[in-house]
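Down below is the structure, laid out as structure tokens.
The values are calculated or read from the model by the stated rules, or taken from the named source; none is laboratory data. All values derive from a computational prediction rather than experimental measurement. Don't worry about glycine lacking a Cβ; one is built from the backbone with ideal geometry, like all the others, and counts go over all protein chains shown.
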Amino acid sequence: MLIVDRFEGDWAVIEYEGTTFNLPLTLLPRDVKEGDVIAISISVDLSITKERRQKAEEMMKGFFDK
């Protein structure tokens with residue numbers, strides 16, 4: 001369970017299993033309040049990941065193929 005503990009500037013302090021961490025407010029709904037329980041879903045964007053890897057590989061070839 002993720003609970004919004006408090007706000008500090010542009011950050012929300014989130015409590016999770018007895019510990020806390022910060023999330024930028026821009027990642028949370030505008031109407032989030034202290035004490036709200038939030039749900040977070042994380043996924044990997046495979047197409048963008050593939051593009052970034054290809055670009056990195058191209059850059060590395062430029063360094064080592066000289």
* Asked: Any residue at all in the range 39-52 that is in contact with a strand residue (DSSP E or B) (Cβ under 6 Å, 6 or more places away or on another chain), charged (D, E, K, R) and modelled with pLDDT of 95 or more?
  -> no
* Asked: Which residues, counting only those in the range 4-35, are surrounded by 12 or more Cβ atoms within 10 Å (Cβ to Cβ) and among the charged types (D, E, K, R)?
  -> ASP5, ARG6, GLU15
* To do: Would you mention how many residues in the range 36-49 are exposed (fewer than 10 other Cβ atoms within 10 Å of the Cβ) and more than 15 Å from the chain's Cα centre (by Cα)?
  => 4
